[in-house]
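For reference, the structure discussed in these notes is given below.
The values are calculated or read from the model by the stated rules, or taken from the named source; none is laboratory data. Just so it is clear, the structure is predicted and the values come from calculations on it, not from any experiment. Note: ideal-geometry Cβ built from the backbone for every residue, glycine included; neighbour counts use all protein chains shown.
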Amino acid sequence: MKRRPKDRRTVPGTVRRTVRRSLTALALGGALTLAMTACSSSGADSGSDSASGSGAAKGRPELKVGGAYVPQPPTAKMAGGFMTVSNGGGSADKLTSVSSDVASDVQMHETVKQQMRQVTSLPVPAGGKLELSRGGNHLMLMGLKKKPVKGDTVTFVLHFQKSGSVTVKAPVEATNYTSEK
């Protein structure tokens, strides 16, 4: 005949501790597996910030800037800057400020009913574009350090709320130049 322990509470307590430790180890192992899976990525997107479509699935903005140019200004006081910011991602962003190597101040302007006014930010919609063009939203380079002439390059640093800073090189074109769409 088997001998029973004198204190019956020790057996259930030992079993409880063993079960508790096993469940804790199982939970930690499961959490570790989930964390490692979430941190890994497929080979094609690994380490890439390019507009590959992954931002749309993950809800992040994916910005690309194209068509940038500065028309040669008629005066040495101010100039305009034009470009298109495309967002292929699944989340909107905002252009919050701009700086340039040729101006002491770069202002963002919008034009409504042929009235130009300075704004503090410009939206870049998810899956859409921010067009900075003549007669619409645009950049004004104020306090020019030197007058840009055709053939020069102007460097802009665009600061976005979510995407950080993007550097853009814009050629200086003829005064009457307009981009092709």
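Observations, loosely collected:
- If you go through the stretch 111-122 and pick out every residue that is surrounded by 14 or more Cβ atoms within 10 Å (Cβ to Cβ) and either of a type in the set (Phe, Trp, Tyr) or at pLDDT 95 or above (or both), you end up with 2.
- From 96, 167, 153, residue being within 14 Å of residue 65 (Cα to Cα), β-branched (Val, Ile, Thr) and in contact (Cβ under 8 Å) with a residue 12 or more places away in the chain: 167
- Of all residues in the stretch 139-181, those that are outside any loop (DSSP other than H, G, I, E, B) and not charged (D, E, K, R) total 22.
- Selection from the stretch 116-132 of residues that are without any contact (Cβ under 8 Å) to a residue 24 or more places away in the chain and closer than 22 Å to residue 179 by Cα: 116
- Any chance residue 113 is of a type in the set (Lys, Arg) and without any contact (Cβ under 8 Å) to a residue 12 or more places away in the chain: yes
- Leading residue by the ranking (farthest from residue 140 (Cα to Cα)) among those in the stretch 55-68 that are surrounded by fewer than 17 Cβ atoms within 10 Å (Cβ to Cβ) and at pLDDT 95 or above: 64
- Count of residues meeting criterion [farther than 15 Å from residue 141 by Cα and either surrounded by 18 or more Cβ atoms within 10 Å (Cβ to Cβ) or modelled with pLDDT under 95 (or both)] in the stretch 95-110: 1
- Single residue of 104, 99 found to be assigned to a strand (DSSP E or B) and under 24 Å from the mean Cα position of the chain (by Cα): 99
- Filter pass, residue 136 being farther than 12 Å from residue 81 by Cβ, among the small types (Gly, Ala, Ser), touching a residue at least 24 places away in the same chain (Cβ under 8 Å) and not in a loop (DSSP other than H, G, I, E, B): no
- Check on residue 91, outside any loop (DSSP other than H, G, I, E, B), small (Gly, Ala, Ser) and either crowded, with 16+ Cβ neighbours inside 10 Å or within 22 Å of the chain's Cα centre (by Cα) (or both): no
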